[in-house]
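Structure record follows, encoded as structure tokens.
The values are calculated or read from the model by the stated rules, or taken from the named source; none is laboratory data. Bear in mind that the values here come from a model prediction, so they are computed numbers and not experimental data. Positions of Cβ are backbone-derived with ideal geometry, glycine not excepted, and every protein chain shown enters the neighbour counts.
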Amino acid sequence: MRIAFYAPLKAPNHRVPSGDRTVARLIVKALESMGHTVELASTLRAYDGSGDKERQDTIAAKGLKQAQALETRWRSNPPDLWFTYHLYHKAPDHLGPRLADALGLPYVVAEPSIAPKQRGGPWADGYAHSIAALARADALMPVTAGDAEGLTRAGIPGERLVPLTPFVDVAPYQHRKPAPARKRLVERYGVSPDKPLAVVVAMMRDGDKLASYRVLAESLGHIDPKAMDLLVIGDGPCRAEVESLLKGRARFAGQINPRSLPAMLVGCDLCLWPAINEAYGMALLGAQAAGLPLVAGRTRGVPEIARDGKTALLVKEGDAPAFAAAVQRLIDEPLRRAAMGAAAADHVAVRHSMASAALALDRAITLARHAR
């Protein structure tokens with residue numbers, strides 16, 4: 001099947017790394033693994049984070065123009081299905097509904113979300129466009145229970161919902177040896193070969209990410225600096241502030257090639273992230289795939305990807321002392337840390353793998369095709 005793919009928030013080939021870009025790439029990879037041909041329909045970024053009506057109108061006009069051009073180009077040879085990843089009021093889909101109607105295409109939306117409070121205000125148009133798109137979609141794939149509940153409350157029939165559990169490609173994490181990986185980290189970043197090594201994988205930008213780094217820094221004040229080493233992987237406009245917050249407590253790897261991440265993670269012992277307002281956290285899935293137990297905030301979709309007490313210790317969001325206490329437990333109990341890490345790798349391989357995602361994607365595509 002030939003699938004037209006579009007991600008209005010961030011295209012899979014966008015230059016800036018993020019969880020959204022990662023998920024977009026994973027969905028494309030999963031679809032291709034199923035034998036489909038995936039065509040990136042557009043790189044138009046529909047996102048407006050400031051509530052600028054003029055900017056939103058400009059984006060909508062560009063969307064209409066691109067939709068018209070694609071309709072003309074595809075009129076004699078249309079794709080078999082339109083697939084949109086992650087639309088909401090700040091990044092609506094101006095292309096998919098128009099082309100699905102004009103060309104009679106089945107229309108699938110993955111990770112849709114609805115925020116009813118945005119019905120009015122600066123993103124009212126984006127909200128209206130999103131609601132219209134969700135009403136037109138033949139199959140909707142919520143990623144968290146909260147999103148599924150929001151769709152149901154908005155009147156979307158349950159039979160059109162096909163949950164998509166967050167997933168990673170587990171293959172790059174499997175069969176890697178921790179000892180050689182740790183040796184490379186020791187040589188490159190100067191971490192200890194003997195002390196527990198914690199890792200953070202997160203962008204350094206304002207808002208929730210920076211708030212999480214602040215909680216992390218506060219929690220480290222409750223932990224003996226000699227008890228563990230910390231490696232921070234990530235970069236962004238707030239790097240200077242993050243480095244100041246964690247001064248003397250962390251080594252910084254900066255932005256790395258995503259392909260290098262599995263080999264780095266397997267050399268660590270545990271993964272930390274306070275997860276302030278985190279939707280679910282792709283980095284937390286990757287860390288578990290690498291066999292690392294988590295200490296994370298009990299936030300939104302995080303409990304849906306990590307098993308508290310089994311693969312992770314989840315604490316109240318923003319509670320730095322509780323976060324520090326959970327980290328200290330894993331520092332003090334190496335056998336428990338190892339057991340939770342092994343359970344984490346098994347958990348992701350069974351419930352959050354590419355294979356499990358492919359089954360859900362196949363169900364959604366089948367549902368959408370039959371709806372036409």
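Please determine whether any residue of the range 63-82 is closer than 22 Å to residue 167 by Cβ, under 26 Å from the mean Cα position of the chain (by Cα) and not charged (D, E, K, R). Lay out the reasoning, then the answer.
Narrowing the range 63-82 to residues closer than 22 Å to residue 167 by Cβ: 81-82.
Still in the list and also under 26 Å from the mean Cα position of the chain (by Cα): 81-82.
Narrowing the set further to residues that are not charged (D, E, K, R) leaves 81-82.
Within the range 63-82 (the criterion being closer than 22 Å to residue 167 by Cβ, under 26 Å from the mean Cα position of the chain (by Cα) and not charged (D, E, K, R)), the answer is yes, since at least one residue qualifies.
Test residue 52 against the stated conditions and say whether it is of a type in the set (Asp, Glu), over 25 Å from residue 285 (Cα atoms) and crowded, with 22+ Cβ neighbours inside 10 Å. Talk me through it step by step, then tell me what you get.
Working: of a type in the set (Asp, Glu): yes; over 25 Å from residue 285 (Cα atoms): yes; crowded, with 22+ Cβ neighbours inside 10 Å: no.
No; evaluated as a whole, the condition is false for this residue.
Can you run down the residue pairs with Cβ atoms below 9 Å, 6 or more apart or on separate chains, where the first is in the range 222-233 and in the same structural domain as residue 323 (by TED's automatic domain parsing) and closer than 23 Å to residue 181 by Cα and the partner is surrounded by fewer than 21 Cβ atoms within 10 Å (Cβ to Cβ) and aromatic (Phe, Trp, Tyr)?
229/189; 231/189; 231/252; 232/252; 233/252
Does residue 339 satisfy the condition of being surrounded by 15 or more Cβ atoms within 10 Å (Cβ to Cβ), more than 18 Å from the chain's Cα centre (by Cα) and closer than 30 Å to residue 229 by Cβ? Walk me through it before giving the result.
Working: surrounded by 15 or more Cβ atoms within 10 Å (Cβ to Cβ): no; more than 18 Å from the chain's Cα centre (by Cα): yes; closer than 30 Å to residue 229 by Cβ: yes.
Here the answer is no, as residue 339 does not meet what is asked.
Could you list, in sequence order, the residues of the range 236-259 that are under 20 Å from residue 270 (Cα atoms), surrounded by 14 or more Cβ atoms within 10 Å (Cβ to Cβ) and under 18 Å from the mean Cα position of the chain (by Cα)?
Within the range 236-259, 255, 256 qualify.
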